[in-house]
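The values are calculated or read from the model by the stated rules, or taken from the named source; none is laboratory data. All figures in this text were calculated on a predicted structure; none of them were measured in a lab. Here the Cβ positions follow ideal geometry from the backbone for every residue, glycine too, while neighbour counts run over all protein chains shown.
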Amino acid sequence: MIRPILIHPDPRLKKACDPVTDITEEVKRLAEDMLETMYAAPGIGLAAPQVGVTRRVLVMDCIKDGPPEPMVLINPQTVWASEDVSTYEEGCLSIPDQYAEVKRPSAVTVRWTGLDGAEEERTFGGLWATCVQHEMDHLDGKLFIDYLGPLKRQMITRKMEKLKRERARAI
Ligand code: NI
């Protein structure tokens, strides 16, 4: 089921999310819905707070050509980050049509729990590294625009407030 994606500003996007303690049917359904919502958007990553669930769950798939590689990360934690940094032009499904360059470590090692309850660890590079860090930020209530200067951030926030007013009127 495709769930509605929250648009910034929204208090649920600013919250530090709670860890998942049990992989219940509800968590499995959430992950499945998040993947469906992400692919439909379309996007390469989505965090649970973006669909209004403030739990530490994210999904991603950064494969552009070739068979999809859907990933579900529960309670992800960074265990290593490279000193090298990369700059990517980032966007966010909660901040539609706005893009800005953000610097982040080029590679990160992340540990998480899979949907089967097993602990997993992987080192991500390239777009995957940017994506996983962007999505993990969401779990701490942080958006990519928080890396920008205050003027740029305010400008984008005002555009989003306007977009939300327009959407509310359209319903
Ligand atoms: Ni995002």
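Got a sec? Which of 6, 58, 35 is in contact with a Gly (Cβ under 8 Å, 6 or more places away or on another chain) and farther than 17 Å from residue 127 by Cβ?
Sole residue among the options that is in contact with a Gly (Cβ under 8 Å, 6 or more places away or on another chain) and farther than 17 Å from residue 127 by Cβ: 6.
Can you name the condition, by its number, that residue 30 falls short on among (1) in a helix (DSSP H, G or I); (2) modelled with pLDDT under 95?
(2)
Which pairs turn up if I take residues in the range 49-69 that are closer than 12 Å to residue 37 by Cβ and touching a residue at least 12 places away in the same chain (Cβ under 8 Å) and look for partners that are surrounded by 19 or more Cβ atoms within 10 Å (Cβ to Cβ) and hydroxyl-bearing (Ser, Thr, Tyr) with beta carbon separation below 6 Å, at least 6 apart in sequence or on another chain?
Close Cβ pairs satisfying both conditions: 50/94.
Quick one: in the range 140-155, which of the residues that are within 14 Å of residue 92 (Cα to Cα) and assigned to a helix (DSSP H, G or I) is farthest from the ligand (Cβ to nearest atom)?
Per the criteria, the residue is 153.
Taking the residues in the range 112-139 that are within 12 Å of the ligand (Cβ to nearest atom) and of a type outside the set (Asp, Glu) as candidates, determine which candidate is surrounded by the most Cβ atoms within 10 Å (Cβ to Cβ). Before you say what the answer is, go through the steps one by one.
Initial filter on the range 112-139 (within 12 Å of the ligand (Cβ to nearest atom)): 130-139.
Cutting the leftovers down to of a type outside the set (Asp, Glu) gives us 130-134, 136, 138-139.
Values: 130: 26, 131: 21, 132: 24, 133: 22, 134: 24, 136: 21, 138: 23, 139: 24.
Among those residues, the one meeting the criterion is 130.
Looking only at the range 32-70, which residues are crowded, with 22+ Cβ neighbours inside 10 Å and more than 13 Å from the ligand (Cβ to nearest atom)?
56, 57
Which residues, counting only those in the range 34-87, are within 15 Å of the chain's Cα centre (by Cα) and of a type in the set (Phe, Trp, Tyr)?
Once the filter is applied, which keeps residues that are within 15 Å of the chain's Cα centre (by Cα) and of a type in the set (Phe, Trp, Tyr), the range 34-87 yields only 39.
Which ones in the range 1-15 are part of a loop (DSSP other than H, G, I, E, B) and closer than 23 Å to residue 98 by Cα?
Initial filter on the range 1-15 (part of a loop (DSSP other than H, G, I, E, B)): 1-10, 14-15.
Answer for the range 1-15, where residues must be part of a loop (DSSP other than H, G, I, E, B) and closer than 23 Å to residue 98 by Cα: 2, 3, 4, 5, 6, 7, 8, 9, 10, 14, 15.
Here is a check on your reading of the model: is residue 27 hydrophobic (A, V, I, L, M, F, W, C), closer than 24 Å to residue 10 by Cα and within 16 Å of the ligand (Cβ to nearest atom)?
The answer is no for residue 27.
Mind listing whichever residues of the range 88-101 are of a type in the set (A, V, I, L, M) and within 11 Å of the ligand (Cβ to nearest atom)?
Passing the criteria: 93, 95.
Just to verify a result, which residue in the range 73-83, among those that are more than 25 Å from residue 152 (Cβ to Cβ) and away from the ligand (no atom under 16 Å from the Cβ), is surrounded by the fewest Cβ atoms within 10 Å (Cβ to Cβ)?
The qualifying residue surrounded by the fewest Cβ atoms within 10 Å (Cβ to Cβ) is 83.
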